[in-house]
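Asks: Pasting a structure below so you can have a look.
The values are calculated or read from the model by the stated rules, or taken from the named source; none is laboratory data. Because the structure is a prediction, the values reported are computed rather than measured. Neighbour counts are summed over all protein chains in view; Cβ atoms, including those assigned to glycine, are modelled from backbone coordinates with ideal geometry.
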Amino acid sequence: MLVVLLTTFVVVLSYICILPVKWSHSVLWALYHCVVGHWLLINIVFHYFKAAFTNPGLVPEVCRVHSLILSVNMLYLSS
């Protein structure tokens, strides 16, 4: 929930503070900021929800065997 609030806060501030200043300097520069800003916003929202709601899955059996061998070797080397 904190991520959503902070992202919303940044977007609102950019529309209130940055966009009017950029618009008064150059319309093309302001449109560039809008396009890039929306592209970044879409990426942030997409990747946040993919990370939050994707099942992490299980470790394959081969990786478990390798990690067991590695941990046994580390125990042997540490003694």
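Asks: Modelled with pLDDT of 90 or more, assigned to a helix (DSSP H, G or I) and among the aliphatic types (A, V, I, L, M): which single residue out of Leu68, Leu41 fits that description?
Replies: Residue meeting the stated conditions: Leu41.
Asks: Considering only the range 44-65, state which residues are of a type in the set (Val, Ile, Thr), at pLDDT below 90 and under 28 Å from Leu2 (Cβ atoms).
Replies: Within the range 44-65, just Thr54 meets the criteria.
Asks: Assuming Trp29 fulfils every condition listed in (1) at pLDDT below 90; (2) under 24 Å from the mean Cα position of the chain (by Cα); (3) surrounded by 10 or more Cβ atoms within 10 Å (Cβ to Cβ) apart from one, which condition is it?
Replies: Among (1) at pLDDT below 90; (2) under 24 Å from the mean Cα position of the chain (by Cα); (3) surrounded by 10 or more Cβ atoms within 10 Å (Cβ to Cβ), Trp29 violates only (2).
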